[in-house]
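This report concerns only the one structure given below.
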Amino acid sequence: MKIAIDLAKKGIGLVSPNPLVGAVIVKDNEIIGKGYHKKAGTLHAERDAINNCSKDLKGSTLYVNLEPCCHFGKTPPCTDAIIENQIGKVIIGCTDPNPLVKGQGIKKLRQAGITVIIGILEKESLKLNEIFFNFIISKRPFVLMKYAMTMDGKIATSSGNSKWISNEESRHNVHVDRNRYSGIMIGVGTLLKDDPSLTCRLKNGHNPIRIICDTNLNTPLTSQIVKTANSINTIIATCEKDILKHKSYLNAKCKVLVVPKKDNQVDLCTLMDILGNINIDSIIIEGGGEFNFSALNCNIVNKIQTYISPKIFGGKTSKTPIEGIGFSQIAEAITLSNPTIKYFGSDILIESEVNRKCLQV
């Protein structure tokens, strides 16, 4: 199963909005076939492994990190291929919450007389596809908020200088995540201050769709984002309804989404629904303190990455990662859980899940 999970990771940045899946086929204590889902629309992992088999499959055991599909999509059901090839046992990491599968794949295999075992490396299998599971269930993107700060909690000096807080190893890991996520989002304030390109700089990496939240459509046409929109998918989410003001951005190949206004800015909750409807399953937020607070306050963030660099900036006016009006009571605070710690040279990365508020609906 560990090999299957490692194979699945080869599809990172390529299979969205499909899940990451790897498969290993074993017979007589020998691996006779391996496969993984390489790209959306291509063979699923189980069929890829079957195609790569070197021996007869009858009575073999298939290891796969996600429940095999049992429905027709862009490819035929994997359960049919498993049954047709007389595989005797299927060992599954975790079940698939997709309503088109959701236990039906397991049921179909068992009805065909195949032994099915569920829950091997389940925690690792669930973690691998947290983006997919969130998207299937909520129909909204999985949102990761990322920021780098000093030991005293600053994201810039008192003069506004912020390059670079984190080290080169940390910055490389940021690009690893950009390769995995479908979109990357900032507010117009960050764009005006930094003029970023928001690309993935890994060799053969995948550029996420760039999403700029710009309430009044103030994005400069001379910005890196607009100038490269003809080659990198770019969305500007705005409350500005004047179509004439959209024209220059459309001519530059930006996509303009008109979003309702809430609290005098782009309604981020509605924006998440819109982005989910166009199959954007995951987003990294790399905004400033004001934008970060807005995202947390409207309950769209699933996970937070905090890169901590062993530096001290000081300064009571120096910017911090989460600003806005803040919360007046401790009981109102955003709480985090399941922290993990990684080291990138002298930098520390703390990654935590956001305990999201229960929505009234």
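The values are calculated or read from the model by the stated rules, or taken from the named source; none is laboratory data. Since we're looking at a predicted model, the values are computed, not measured. For neighbour counting, all protein chains shown are included, and Cβ atoms are generated from backbone atoms with ideal geometry for every residue, glycine included. Please note that ligands, DNA and RNA were not included when accessible areas were found on the heavy atoms of the full protein model with its side chains. Shrake-Rupley method; radii C 1.70, N 1.55, O 1.52, S 1.80 Å.
Any residue in the stretch 307-323 that is at pLDDT 95 or above, touching a Ser or Thr at 6+ places or on another chain (Cβ under 9 Å) and assigned to a helix (DSSP H, G or I)? Within the stretch 307-323, not a single residue is at pLDDT 95 or above, touching a Ser or Thr at 6+ places or on another chain (Cβ under 9 Å) and assigned to a helix (DSSP H, G or I). Is it the case that the stretch 323-336 has a residue that's under 22 Å from LYS193 (Cα atoms) and surrounded by 13 or more Cβ atoms within 10 Å (Cβ to Cβ)? Yes, the stretch 323-336 contains at least one residue that is under 22 Å from LYS193 (Cα atoms) and surrounded by 13 or more Cβ atoms within 10 Å (Cβ to Cβ).
Scan the stretch 127-161 for residues that are of a type in the set (D, E, K, R), open to solvent by less than 70 Å² (accessible area, probe 1.4 Å) and outside any helix (DSSP H, G or I) and jot them down.
The initial filter retains those residues of the stretch 127-161 that are of a type in the set (D, E, K, R), namely 127, 130, 139-140, 146, 152, 154.
In the following step, the residues that additionally are open to solvent by less than 70 Å² (accessible area, probe 1.4 Å) were identified as 130, 140, 146, 152, 154.
Within the stretch 127-161, ARG140, LYS146, ASP152, LYS154 qualify.
Answer yes or no: is there a residue in the stretch 239-251 that is open to solvent by less than 70 Å² (accessible area, probe 1.4 Å) and under 22 Å from the mean Cα position of the chain (by Cα). No - not one qualifying residue is present in the stretch 239-251.
Selection of the stretch 262-285 for residues being within 22 Å of GLU323 (Cβ to Cβ), among the charged types (D, E, K, R) and at pLDDT 95 or above yields only ASP267.
Considering the stretch 199-234, and only residues there that are of a type in the set (A, V, I, L, M), open to solvent by 10 Å² or more (accessible area, probe 1.4 Å) and at pLDDT 95 or above, the residue that is nearest to GLU286 (Cα to Cα) turns out to be ILE209.
Annotation: GLU124 fulfils all but one of (1) without any contact (Cβ under 8 Å) to a residue 24 or more places away in the chain; (2) in a helix (DSSP H, G or I); the unmet one is (1).
For the stretch 170-205, which residues satisfy the criterion of being part of a helix (DSSP H, G or I) and within 15 Å of LYS146 (Cα to Cα)? Break it down into steps so the answer makes sense when it comes.
Of the stretch 170-205, the ones part of a helix (DSSP H, G or I) are 170-180, 188-194.
Within the stretch 170-205, SER170, ARG171, HIS172, ASN173, VAL174, HIS175, VAL176, ASP177, ARG178, ASN179, ARG180, THR190 qualify.
Among the residues that make up the stretch 210-220, is at least one of them under 16 Å from the mean Cα position of the chain (by Cα) and outside any helix (DSSP H, G or I)?
Applying the first criterion (under 16 Å from the mean Cα position of the chain (by Cα)) to the stretch 210-220 yields 210-211.
Applying the additional criterion that residues be outside any helix (DSSP H, G or I) yields 210-211.
Within the stretch 210-220, one or more residues are under 16 Å from the mean Cα position of the chain (by Cα) and outside any helix (DSSP H, G or I).
Could you look through the stretch 151-196, keep only residues that are hydrophobic (A, V, I, L, M, F, W, C) and over 17 Å from the mean Cα position of the chain (by Cα), and pick out the one that is farthest from GLU323 (Cα to Cα)? Step by step, filter the stretch 151-196, then rank; the result is TRP164. Consider THR270 against the criteria (1) over 28 Å from HIS175 (Cβ atoms); (2) touching a strand residue (DSSP E or B) at 6+ places or on another chain (Cβ under 6 Å): it satisfies all of them except one. Which criterion is unmet? Unmet condition: (2). Quick check: is even one residue across the stretch 230-251 in contact with a Gly (Cβ under 9 Å, 6 or more places away or on another chain) and under 19 Å from TYR181 (Cα atoms)? There is at least one residue in the stretch 230-251 that is in contact with a Gly (Cβ under 9 Å, 6 or more places away or on another chain) and under 19 Å from TYR181 (Cα atoms). Count of the stretch 1-46 residues, restricted to those that are open to solvent by 70 Å² or more (accessible area, probe 1.4 Å), farther than 27 Å from LEU275 by Cα and of a type outside the set (A, V, I, L, M), is 5.
Restricting attention to the stretch 260-281, and to residues there that are crowded, with 21+ Cβ neighbours inside 10 Å and of a type in the set (A, V, I, L, M), which single residue is farthest from PRO17 (Cα to Cα)? So the residue we want is VAL266. Say we look at the stretch 103-120 and pick out the residues that are touching a residue at least 12 places away in the same chain (Cβ under 8 Å) and assigned to a loop (DSSP other than H, G, I, E, B); which of these is nearest to MET1 (Cα to Cα)? My answer is ILE120. When the stretch 230-281 is filtered for residues that are under 13 Å from ILE300 (Cβ atoms) and of a type in the set (Ser, Thr, Tyr), only THR270 remains. Residues in the stretch 98-118 that are open to solvent by 30 Å² or more (accessible area, probe 1.4 Å) and over 9 Å from GLU67 (Cβ atoms): PRO99, LEU100, LYS107, LYS108, ARG110, GLN111, ALA112, GLY113, THR115, ILE117.
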